[in-house]
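The structure appears right after this line, and notes come after that.
The values are calculated or read from the model by the stated rules, or taken from the named source; none is laboratory data. This one's a predicted model, so the numbers in the text were calculated from it and none came from an experiment. Cβ atoms come from the backbone with ideal geometry, glycine included; neighbour counts cover every protein chain shown.
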Amino acid sequence: MSPTWYWSVGALRRAVGVGAFLALAAFILGPLLTLLLWACAGSWLFPSLLPEFSFKWWAYVLANADVTKAIRMSFASAPLATALSALICVPAAYAFARLRFPGRRALLLSFLSANAFPKIGLYVSIATLFYRLNLMDTFAGVVLIQMVNTLLFMIWIPTGTFRGINTNLEEAARDAGAGPLRTFFQITLPIALPGLIVAVLFAFLAAFDEAQGTLIVGTPNHITMPVMMYTLVLSYPQPVGAVFSVLLSLPSIAFLLLAQRYLRAGYLAAGYSL
Amino acid sequence: MSSLSLRRLEKRFGAHAAVHDLSLDVRDGEFMCLLGPSGCGKTTTLRMIGGFEAPDAGDIEIDGRSVTALPPERRPTAMVFQRYNLWPHMSVAGNVAFGLRVRRLPRAEIDAKVREVLALVGLPDAPGKYPHQLSGGQQQRIAVARALVLEPKILLLDEPFSNLDARLRVRMREEVKQLQRAIGITTVFVTHDQEEALTIADRIAVMRDGVLEQVDTPERLYAHPRTLFVADFIGTMNLIPGRVDRQAGGLAAGPWRLPLSAVAWPDGAEATLAVRPEDLVIDPAGTPGDVRRVINLGHYLQVLVDVPGAGTLRLFAGKDAAPAEGAALGIRIARALIFKDTESVEVGTMRPAADRPASAYSPAADRS
């Protein structure tokens, strides 16, 4: 057969590949695109193919006092929950990675337990505890309940990261005259940074997206954006929900772009090869 | 200039004694090799000197002052590890300067020292590069520079070249040896490679199962190993099991009968005859054997000879006197060592065959 036969089949094969890729892209990006369209739609009624372009719902959402209060609450509580979680968990993760103490494995596994059962049961029992401690409907209560969701990420990912750092790197720093603290902050921590950023990213999103627990603990006065979403979807026009969804996803997008700088391929592998 | 003394060091991991009753003196400016198979405790010993492991008993002294209680950052030692030496998030200059910054030296002085030491290890253009941009050999050179820049009293090297390919390894050890000689720093070098130890060390401490077997110069270790383990571990050695037999003239090992005048070993005791390949001489009047294999090693040949009662022995032959495989051959022992438990005795000298009394070394077959 002539070489063109191969070429045509090759083209066919390539076409199938491109088609599959487009289908996958449509499957993933389609809903997002619809969401964006809805967010910018003044109205989108049958039979018009494209919506009437308008930012009026943005103005409406941002002018709503309940909504802005929820946005403020979210941007105050989620970073605080993440920061507190990091403060507690990163040293704990270092201990899990470097020290050999009895019950280490069991303790490490126990951090899975919060995610192993239906959360709603956990939240209800936490709520009864919070009533006694006067933490219901308080900012502190909301932060605490969001931290429950961050623990798993903040313990497991940094533990793996610290364990992956060869002890020789730390010993070399001690050898050069640095004390244990200096070694941790100038050697271990910078090398672990990519892993820690990933952990912070996941923890922040877990805290930011938390709705069930916050709904139980924070109502009626401490409502975050995901909790607000319930109300918005049920009692407002469709574009309001879309606008709010876009607002809700902004932090994750910003975080991803920021993290990308630190997650360059090769940075992690650097110095681990010889 | 500094000396190092280890006094009766003891280190256990659980029930296993990694280092047992180890005493060693490293002299000022000396290049000491800790040599032994893996698991013999040589790296544990080095890590105790560096302060990364605490001995269970014993004392470590540098210039007569005990450092046993000091953490690594307060010891005048600097270590080069086998791998994972450089900090990946710092440039070469950052890596080398780290210890100087810890010491709060002025910036200009740090820069000058970094430049100087990088030139010393032959990488003057490296300061701005990052570790992952360097080859394995370059990384280890920077690691050596980082250790030297702190001007330690004792330089510790833990198999620093074992991850490099063979050719580079040989070049690097020559460079390190020259560097060590040039600055005269007291050095302890850990290796499992006896050839490496023989080529660079002033003295070698051979370890086995956590115990020091022998400390000596490479020449003496090779020529006068004190234990069977050292004899077998250093260089190539033919080992022939034997038995003390006074009636036969001393030691009976395979077809050979050797005199045992210097020691009073009881009749019937088991002993081992150890002969270097170069001490087995081809001699038509010697003990008969069959050439099993001839291995060409470039400028000389290694010949494997089957000797009845003694197994397969190795000896060297020049290319001009190449024996054919399968041919019959006579061999004679020019010099040998005999080991019984912890004792040993030497038989013969390195003198040419003609100088020696024939009766002492003639094989049993000839005597009858």
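Points to keep in mind about this one:
- Pick from the range B:55-95, criterion part of a strand (DSSP E or B) and away from chain A (no Cβ under 14 Å), ranking: surrounded by the fewest Cβ atoms within 10 Å (Cβ to Cβ): B:Arg65
- Residue match in the range A:180-195 (condition: at positive phi and either away from chain B (no Cβ under 14 Å) or within 15 Å of the chain's Cα centre (by Cα) (or both)): no
Conditions tested, residue by residue: (1) farther than 27 Å from B:Cys33 by Cα; (2) among the polar types (S, T, N, Q); (3) out of contact with any Cys (no Cβ under 8 Å at 6 or more places or on another chain); (4) not assigned by TED's automatic domain parsing to the domain that holds B:Ile331.
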position	(1), (2), (3), (4)
B:Thr217	no, yes, yes, yes
B:Leu221	no, no, yes, yes
B:Pro225	no, no, yes, yes
B:Val244	yes, no, yes, no
B:Ala262	yes, no, yes, no
B:Glu270	yes, no, yes, no
B:Asp290	yes, no, yes, no
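- Options A:Ile155, A:Ile197: the member that is in contact with a Cys (Cβ under 6 Å, 6 or more places away or on another chain), under 29 Å from A:Ala114 (Cα atoms) and not assigned by TED's automatic domain parsing to the domain that holds A:Trp38: A:Ile155
- Look at (1) among the aliphatic types (A, V, I, L, M); (2) within 24 Å of B:Val176 (Cα to Cα); (3) out of contact with any helix residue (DSSP H, G or I) (no Cβ under 6 Å at 6 or more places or on another chain) and you find that B:Ala54 fails only one, number (2).
- Some residue of the range A:95-105 being touching a Pro at 6+ places or on another chain (Cβ under 9 Å), over 30 Å from A:Asn221 (Cα atoms) and not aliphatic (A, V, I, L, M): yes
- Among the residues listed as B:Gln180, B:Gln139, the single one being polar (S, T, N, Q), away from chain A (no Cβ under 14 Å), touching a residue at least 12 places away in the same chain (Cβ under 8 Å) and buried (at least 21 other Cβ atoms within 10 Å of the Cβ): B:Gln180
- Qualifying residue in the range B:230-238 (condition: at pLDDT 90 or above, part of a loop (DSSP other than H, G, I, E, B) and under 23 Å from B:Arg8 (Cα atoms)): no
- Where a residue in the range B:306-335 is among the hydroxyl-bearing types (Ser, Thr, Tyr) and its partner, wherever it lies, is not in a loop (DSSP other than H, G, I, E, B), with Cβ under 6 Å and at least six apart: B:Thr312/B:Leu304; B:Thr312/B:Asp306
- 2 or more residues out of contact with any Lys or Arg (no Cβ under 9 Å at 6 or more places or on another chain) and buried (at least 17 other Cβ atoms within 10 Å of the Cβ): qualifying helices (runs of 4 or more DSSP H) within the range A:29-137: A:56-63, A:65-98, A:119-132
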